Amino acid sequence: VKHVSNLTSTKMYIDGIDFNIFDKETVAPQAIYEKHPSLVSSPIILYVGQVHKNKNLETLIKSFKIVKNQIPDAKLVIVGRIQRSLQYYHELKKLIQDKGLEESVIFTGTVSWQDLPKYIAACDIFATCSLYEGFLRAEAFAMGKPMVAFNISANSETIADAVNGLLVKELTPEAFAFALLTLLRDSKLRSEMGTKGYRWSRENLDFDVIADNFAKFAEESL
């Protein structure tokens, strides 16, 4: 909260989650397994967002290579639009080939809003190496999944480090891989963080909560 003259700013989340679509109790990943059979029984790291250079996906892939050396059956699934960044996509594909990860990294392209929860349900960790986010979306929390991201920009407004996910301070593939491995090796920790993330998202990002907070703020501002 910042004080400017006689004005006080109020922190309010306005980018909410539709818990009718992102419902961890009813959404199942079977359709995703049918489409991508190699994901069955594999530890899955999921990225959702644009395939664009500012998302720093090369670092995520390099981190995944380190993870793969320790957990050979791990998979990285990258969900997001490719068409607008074809040159960058080809650079990533070359990196994947150089790292010998062709069978372990899956680009899905754009998926529908209805199918996205199924991908999240299938994953073990949601991860992003982006070096800038205005607000790190938390649909993964709605599905009870922990999140891993660099400790930059506004990420700490979504991820409480060591509570509902991990914030990586050192901006290197090695440090990011260490965080991923920490969670992949500890199912209990993943479950606990996922549960805490779910509670936080329910308390802060449910549309009804956001509407109530906004109405209260509007009334107090009159």
Exercise for the section: Would you check if there is a residue in the range 126-139 being modelled with pLDDT under 95 and among the basic types (Lys, Arg)? Expected result: yes
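Taking the condition under 18 Å from residue 39 (Cα atoms), open to solvent by less than 60 Å² (accessible area, probe 1.4 Å), of a type outside the set (Gly, Ala, Ser) and without any contact (Cβ under 8 Å) to a residue 40 or more places away in the chain, does residue 111 pass?
Working: under 18 Å from residue 39 (Cα atoms): yes; open to solvent by less than 60 Å² (accessible area, probe 1.4 Å): yes; of a type outside the set (Gly, Ala, Ser): yes; without any contact (Cβ under 8 Å) to a residue 40 or more places away in the chain: yes.
Yes.
Which of the residues belonging to the range 18-27 are within 18 Å of the chain's Cα centre (by Cα) and either open to solvent by less than 60 Å² (accessible area, probe 1.4 Å) or among the β-branched types (Val, Ile, Thr) (or both)?
First, pick out the residues of the range 18-27 that are within 18 Å of the chain's Cα centre (by Cα): 18-19, 21-24, 27.
Passing the criteria: 18, 19, 21, 22, 23, 27.
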Fill in the blank from the handout: Restricting the range 95-108 to residues that are under 14 Å from residue 60 (Cα atoms) and part of a helix (DSSP H, G or I), the one least open to solvent (accessible area, probe 1.4 Å) turns out to be 96
Exercise for the section: Give me a count of the residues in the range 75-84 that are touching a helix residue (DSSP H, G or I) at 6+ places or on another chain (Cβ under 7 Å) and among the polar types (S, T, N, Q). Expected result: 0
Fill in the blank from the handout: Among (1) within 28 Å of residue 156 (Cβ to Cβ); (2) modelled with pLDDT of 95 or more, residue 15 falls short only on (2)
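Just name the residue that is farthest from residue 152 (Cα to Cα) out of those in the range 66-93 that are in a helix (DSSP H, G or I) and touching a residue at least 60 places away in the same chain (Cβ under 8 Å). Steps first, please.
Here is the first cut: in the range 66-93, the ones in a helix (DSSP H, G or I) are 66-70, 83-93.
Applying the additional criterion that residues be touching a residue at least 60 places away in the same chain (Cβ under 8 Å) yields 66-67, 70.
Details: 66: 22, 67: 22, 70: 27 Å.
That would be 70.
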Practice task
Check the range 40-48 and report whether any residue there is out of contact with any Cys (no Cβ under 9 Å at 6 or more places or on another chain), in contact (Cβ under 8 Å) with a residue 12 or more places away in the chain, open to solvent by 20 Å² or more (accessible area, probe 1.4 Å) and under 22 Å from residue 136 (Cα atoms).
Solution key: yes
Fill in the blank from the handout: The residue that is surrounded by the most Cβ atoms within 10 Å (Cβ to Cβ), considering only those in the range 52-74 that are in contact with a helix residue (DSSP H, G or I) (Cβ under 6 Å, 6 or more places away or on another chain) and modelled with pLDDT under 95, is 52
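The values are calculated or read from the model by the stated rules, or taken from the named source; none is laboratory data. This one's a predicted model, so the numbers in the text were calculated from it and none came from an experiment. Quick reminder, even Gly has a Cβ in these numbers, built from the backbone with ideal geometry, and neighbours come from all protein chains shown. Heavy atoms of the whole protein, side chains included, go into the accessibility calculation; ligands, DNA and RNA do not. Shrake-Rupley method; radii C 1.70, N 1.55, O 1.52, S 1.80 Å.
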